[in-house]
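Working notes, structure below.
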Amino acid sequence: MEPYIVRQSILDERQSAIGYEILYADDQAAFSQSDDSSAANAIENFLSSMDADKFLSGKVAFLTFTRNLLVKNIPKMFDTNKLVIQIEDSLITNPLAHSLFTKYKQAGYKIAVIDFEFAPRYFGVLDIVDYIKVNFKDYKSSSLENVVRIGNSFGKKIIAYNIDCAEAYEKAKNCGCTYFQGSYVAEKMPAQLKNMKYLQGNFFLLMIAVTKDEPDIDEIEQILSRDVSLTYSLLKLVNSAYFALRNRAKSVKQALVILGLGQLKQWIYLLSFRQDDGSMPDELIKLSFLRGKFASELLEFCHDMPISRSEAYLMGMFSTLGKLMQMPLSEALEQLPLGDEIKDALLKHEGKAGQLYDLVLSYENADWKKMSSLAEELNIPHETISGTYCECVENVNETWNSLMTAGASE
């Protein structure tokens, strides 16, 4: 049976990812709720066939292991500095599992405990725990402050997860949590992000032009050429040490030929949200890329869709536009010549395009039941989804790394 896999960012207060939690499911339920042996075999097979470092973009993996996975030494597929072993409540009370935690801790792995409670059964593992994960789904609970406060007093790093709204984030931050995970923080912007001038002018026209099914190189050249800032940045990028050209590109057209339309699309979007100090909301930009790529790849399996592959890319990518521009998404989309199908999908979650968008979101949020239902409605084979997602993640990571390398050499 083909497993599903998704990564969810674990962020600090500056919106920098310190690692990703890796969540799995089969066609029916999360593996933590399935047969222990089946989960072990499925995850072992999956990890054996993937490039974990590319998937994680060099970050640390937070991964929940069943007892069988620990016994089979599956964690040793990861370097000690690339993995945090997560422990669920059911294993804490298992005396045989405790010796396994200790073994991995002594080998150099870090340990996280999920939904820690200051009850007798937890104190036996407190000495080997590095991270405590606290569930903020019910962020109004009065017990959360006590758990976080006591965890901090023991020198543990607190990860608040299920941060799905601004109120939960503020509560977690005020309680003293170190790191944050959830749909809200995945799309949260740094407080000091400034809107860039490209957003109000040629950027939108350029994005539409480069994502057409048959892009017109002359149209793209014309748009770039009338914006001195974009032209300067493009030529500076293409003539950087990253491309190592024998002869410098002296025109926009030469630069476009060298860069290629695929990389141009990624570069323009990245450049448009760069701050004056060179920093940027990495995870949100990557999320935009990933949603666009994932939606466009999944569309290939759909029938009778009212949008093209390039429009599916725009739908996924522009889903974060409201956050990036710090305005309601509806206002941001008004400035774009997008079809009603895409706008209805993003704003109302309506139509077949809306179903595709919701599938992308439900997969991202590990809502496996909703994702499976939408896949059936769209006639997308379940066995293709996980592989497509992983390929998209690796593609986004490779593109990001090449852009960062090029940007650093400017």
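All other residues whose Cβ lies under 12 angstrom from that of Ser57 are scored, Lys and Arg at +1 and Asp and Glu at -1, for a net of -1.
Return a whole-number percent for the relative contact order of the stretch 4-186, with Cα pairs under 8 Å and 6 or more residues apart as the contact set. Please list the in-between numbers first.
Working: 294 pairs, mean separation 32.3, N = 183.
So the answer I get is 18 percent.
At the listed q of 0.10, 0.15 Å⁻¹, the Debye profile of the stretch 4-186, built from one uniform point per Cα, gives log10 I(q)/I(0) equal to -0.38, -0.89.
Antiparallel versus total DSSP beta bridges in the stretch 4-186: what percent is that, nearest 5? Bridges in the stretch 4-186 are about 30 percent antiparallel. For Lys156, list the lysines whose Cα falls under 22 Å from its own Cα; do not include residues on the same chain fewer than 8 positions away. Correct list for Lys156: Lys59, Lys82, Lys103, Lys105, Lys110, Lys133, Lys137, Lys171, Lys173.
Pairs spanning more than 18 Å between alpha-carbon atoms, out of Lys286/Lys369; Lys265/Lys293; Lys343/Lys369: Lys286/Lys369; Lys343/Lys369.
No value in this document is a laboratory result; all are computed from the given coordinates. Predicted, not measured: the structure shown is a model, and the values here were computed from it. Quick reminder, even Gly has a Cβ in these numbers, built from the backbone with ideal geometry, and neighbours come from all protein chains shown.
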